[in-house]
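Worksheet: the structure to be examined is printed underneath.
The values are calculated or read from the model by the stated rules, or taken from the named source; none is laboratory data. What you see is a predicted model; the values in this text were computed from it and never measured. No Cβ is skipped: glycine too gets one built from the backbone with ideal geometry, and neighbour counts run over all protein chains shown.
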Amino acid sequence: MDEAAGDLKLPLQNDCESLQIHVEVHQKTNSTAKKEDIKLSVLKLLNRHSVIFGDYKWIEFDDCFLTNNVQSIAVVDTELQLKERQPISLNKCRLLIHIFHLNEEGPSTENLDAEDEDIVAANHWLLPAVEFHCLWESLIYDAEIKSDLLNYVTTTLLFSDRNVNNNLISWNRVILLHGPPGTGKTSLCRAMAQKLTIRLSHRYRYGQLIEINSHSLFSKWFSESGKLVTKMFQKIQELIDDKDVLVFVLIDEVESLTAARSAFQAGTEPSDAIRVVNAVLTQIDQIKRYPNVVILTTSNITEKIDIAFVDRADIKQYIGPPSPAAVFKIYHSCLEELMKCQIIYPRQQLLTLHELEMIGYLENDVSKLSLLLKDISRKSEGLSGRILRKLPFLAHALHIQSPSVTMTTFLQALSLAVDKQFEERAKLSDCA
Amino acid sequence: MGDIPMMLRKGGHSNRSKVEEQKMAAPRATQPEADLPRSAETGLELREAPAVAVTVALTAQPVAPAPGGAFSLSVVFPGSVTREGCFRFTCEFLKHVLYQRQQLHKSYEQLVCFYRGQLPRPPGQEEDMVRKVYPKDQDSKKCQQVLNDLDGVFQHLEIMFNLTLVPRILILLGGTAVSPKELYEINLQGISVSGTEESLQTSACVRKLFHSLFMADVFSDLQAIPTMGIIVMAQGHRNCGIDWFRPKLNYKVPTRGRKLTVNLSCSHGNSTTLSTCQESNSAWDDYIWFQAPVIVKGFNYFS
């Protein structure tokens with residue numbers, strides 16, 4: 001755990017010597033090779049590539065053993081530690097190699113009532129899951145949200161490991177992400193669960209993500225809802241009892257379970273709902289004693305949440321719509337994908353914002369398209385991540401309709417699609 | 001388990017064991033599908049005359065409840081068995097569990113007979129009967145799917161048994177692979193494997209296995225459960241080269257849920273058992289868990 005503690009100090013220093021570089025090795029599904037053997041081969045490969053710039057991913061290997069057993073080797077999350085893009089000398093850094101298999105089974109469901117088979121109370125995901133692969137990379141935020149969240153969990157684990165007295169220093173293992181819809185709160189929770197499972201694979205055999213269906217916990221019987229919540233948490237408890245498992249509990253739209261109790265004083269709300277809030281709060285207090293659990297919650301309407309719950313959340317992170325810089329990155333990744341699939345053809349070099357800044361936003365043949373994209377990004381400010389990710393699709397559907405186009409045409413279409421989004425939004429608000 | 005009310009049980013499961021015994025003991029011709037007993041699979045076995053005299057019920061110990069809802073049952077064969085035999089035990093046990101735990105509404109053989117017409121039917125009225133019993137199209141499709149999935153599992157299990165020693169098999173009902181609702185394990189570590197000539201006849205051994213199961217009466221006290229996903233896992237050698245099963249390097253046998261372990265072993269001390277083979281071949285940690293890539297979905301008319 002000392003390594004993890006080192007993580008915390010990283011923002012304070014920038015020299016390579018003490019830098020921890022995370023290397024994620026995705027082992028092929030049918031590979032049965034031992035972790036130690038793979039690690040040796042990976043280290044050999046990394047030795048040959050002593051300097052890299054930022055994140056890097058290998059998918060083809062000279063080594064026959066790696067070709068047979070490994071899908072990809074990726075140096076990840078360097079930008080979380082280094083503000084500037086700078087050469088990283090792998091020989092000098094501390095390399096942390098995480099080898100993982102993806103689970104392909106998909107979610108399994110948990111029913112609370114044997115009679116009510118149709119109502120699914122929770123979805124279980126075995127992590128790392130194939131569905132959440134690359135999700136973390138696709139989420140782009142401006143501030144250090146991602147590294148903050150990772151560091152939070154690292155500290156939590158460190159404190160648990162050192163047996164810090166929970167009565168003296170209190171932490172609740174609850175994270176609350178709030179913000180407008182479509183900003184990737186739920187995705188971030190899932191991605192973080194996946195990421196942490198991979199990072200902590202040396203401590204835990206696997207991770208479990210339990211997505212609670214809040215509405216299913218309300219019973220048709222008066223006064224039964226509180227019991228259903230307790231039952232749900234009992235099932236979670238069973239999973240936590242296994243010390244080899246890292247358990248993430250995701251409660252989406254948490255305001256439905258923890259509606260502000262003060263509102264009930266008006267007398268319009270049924271007292272059953274109060275019992276649900278009480279049950280959730282007491283159960284969270286129960287669960288926080290266990291070292292291997294993290295509770296992730298999301299909400300759109302924070303003012304509706306009970307103050308006692310908000311109080312229990314260790315991190316209350318606001319997740320807003322992306323800034324123009326983040327929009328640029330999102331578009332950039334979308335266009336890269338379209339070029340990979342040859343919908344945009346021929347392939348064109350797109351500069352990153354950093355590179356544009358280096359050349360002083362000078363317009364020339366190389367930077368022309370990138371500058372155009374920058375303009376579109378500025379124009380798109382205020383759109384949520386969910387809309388941004390579907391705009392390239394809409395642009396193609398509405399303005400192109402041909403199997404392959406040039407980058408210039410596509411960017412024009414994208415620009416039109418952005419305009420249309422704002423038009424639609426204006427019309428909607430007019431109606432309202 | 002004892003506190004489950006009688007009415008929750010599926011009809012006729014409770015006082016079955018003795019009756020079953022008699023049915024099994026008498027070799028019989030194919031009966032009309034409707035009233036085949038649950039042990040149809042063993043019934044088929046029984047038509048062959050047993051060549052080896054098996055001392056039945058002497059070694060079958062009653063179910064010993066262990067802490068945490070775990071039960072175990074030991075079956076000792078009076079001699080060595082073949083690899084193919086080990087596969088057959090697994091196969092028949094899997095079919096049996098599926099039927100007993102209401103994941104199939106008829107025994108596997110009956111379903112195969114219904115949907116594929118593979119087994120010869122007595123001529124005459126059965127044409128009529130089959131049509132009546134024949135379910136709606138969608139049910140039929142679902143059932144076909146279950147049978148196809150099961151066939152896939154059987155086929156690849158057979159290949160696996162040929163490729164490697166298989167010390168343990170898990171049948172997981174419901175939940176995920178790591179936290180199933182119910183867990184059935186076949187432990188073959190005490191088995192000694194030899195060639196066909198020196199081995200006991202497989203059919204006799206299957207019969208003994210089932211006799212022990214009925215004597216111990218392991219299924220009758222259980223609550224009825226809805227249909228769920230069934231995962232089959234098998235332990236095998238790391239380098240056995242099977243590619244259908246997915247290796248699960250981090251897998252650990254779950255402790256959650258109800259567990260029944262069937263320990264199969266051979267009493268003859270002269271040949272080496274599977275576990276000693278295993279030790280001499282390579283280290284224990286070279287035996288890893290493999291998971292079948294299909295999740296067999298339980299099937300019921302009313303589901």
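Residues in the range B:246-261 that are assigned to a loop (DSSP other than H, G, I, E, B), more than 7 Å from every other protein chain (Cβ to nearest Cβ) and in contact with a Lys or Arg (Cβ under 9 Å, 6 or more places away or on another chain): B:Y251, B:V253, B:G257. Take A:E104 and decide whether it is touching a residue at least 40 places away in the same chain (Cβ under 8 Å) and surrounded by fewer than 19 Cβ atoms within 10 Å (Cβ to Cβ). Criteria met by A:E104. Against the list (1) modelled with pLDDT of 90 or more; (2) surrounded by fewer than 18 Cβ atoms within 10 Å (Cβ to Cβ), the condition A:E238 fails is (1). In this entry, A:A263 is excluded by the filter for residues that are at pLDDT below 90, aliphatic (A, V, I, L, M) and either surrounded by 16 or more Cβ atoms within 10 Å (Cβ to Cβ) or not in a helix (DSSP H, G or I) (or both). The requirement of being of a type in the set (A, V, I, L, M), within 14 Å of chain A (Cβ to nearest Cβ), in a loop (DSSP other than H, G, I, E, B) and touching a helix residue (DSSP H, G or I) at 6+ places or on another chain (Cβ under 7 Å) is not satisfied by B:A177. Of all residues in the range A:272-286, those that are closer than 13 Å to A:A308 by Cα have Cβ atoms under 9 Å from Cβ atoms of residues that are among the acidic types (D, E) and at pLDDT 85 or above, 6 or more apart or on another chain, in A:V277/A:D306; A:V280/A:D306; A:L281/A:D306.
The sole residue among A:S223, A:S216 that is in a loop (DSSP other than H, G, I, E, B), touching a helix residue (DSSP H, G or I) at 6+ places or on another chain (Cβ under 9 Å) and more than 14 Å from chain B (Cβ to nearest Cβ) is A:S223. Across the range A:185-213, the number of residues qualifying as within 13 Å of another protein chain (Cβ to nearest Cβ) and of a type in the set (A, V, I, L, M, F, W, C) comes to 4.
Scanning the range B:132-174 for residues that are in a loop (DSSP other than H, G, I, E, B), modelled with pLDDT under 90 and not hydroxyl-bearing (S, T, Y) yields a count of 4.
Test A:L351 against the criterion of being free of Cβ contacts under 8 Å to residues at least 24 places away in the same chain and surrounded by 18 or more Cβ atoms within 10 Å (Cβ to Cβ), and give yes or no. Yes; evaluated as a whole, the condition is true for this residue. Looking across the range A:287-319, the residues that are polar (S, T, N, Q) and surrounded by fewer than 17 Cβ atoms within 10 Å (Cβ to Cβ) come down to A:N300, A:T302.
If we scan the range B:158-171, do we find a residue that is surrounded by fewer than 20 Cβ atoms within 10 Å (Cβ to Cβ) and within 15 Å of the chain's Cα centre (by Cα)? Yes, some residue in the range B:158-171 is surrounded by fewer than 20 Cβ atoms within 10 Å (Cβ to Cβ) and within 15 Å of the chain's Cα centre (by Cα).
The criterion of at least 1 residues that are within 11 Å of chain B (Cβ to nearest Cβ) and not small (G, A, S) is met, among helices (runs of 4 or more DSSP H) falling completely within the range A:35-146, by A:35-48, A:64-69.
Against the definition (surrounded by 15 or more Cβ atoms within 10 Å (Cβ to Cβ), within 12 Å of chain A (Cβ to nearest Cβ) and either at pLDDT 90 or above or in a strand (DSSP E or B) (or both)), how does B:I288 come out, yes or no? For B:I288, the condition - surrounded by 15 or more Cβ atoms within 10 Å (Cβ to Cβ), within 12 Å of chain A (Cβ to nearest Cβ) and either at pLDDT 90 or above or in a strand (DSSP E or B) (or both) - is met. Residues that are touching a His at 6+ places or on another chain (Cβ under 8 Å), surrounded by 16 or more Cβ atoms within 10 Å (Cβ to Cβ) and in a loop (DSSP other than H, G, I, E, B) do not occur anywhere in the range A:321-334. Can you tell me which residue is modelled with the highest pLDDT among those in the range A:291-343 that are farther than 23 Å from A:W136 by Cβ and among the polar types (S, T, N, Q)? The selected residue is A:Q342. Going residue by residue through the range B:231-245, is there one that turns out to be of a type in the set (D, E), more than 9 Å from every other protein chain (Cβ to nearest Cβ) and on the phi < 0 side of the Ramachandran plot? No: the range B:231-245 contains no residue that is of a type in the set (D, E), more than 9 Å from every other protein chain (Cβ to nearest Cβ) and on the phi < 0 side of the Ramachandran plot. For the range B:200-223, the criterion of being surrounded by fewer than 21 Cβ atoms within 10 Å (Cβ to Cβ), of a type outside the set (F, W, Y) and within 14 Å of chain A (Cβ to nearest Cβ) is met by at least one residue. For the criterion of being assigned to a helix (DSSP H, G or I) and either loosely packed, with under 12 Cβ neighbours inside 10 Å or within 27 Å of the chain's Cα centre (by Cα) (or both), A:L369 fails.
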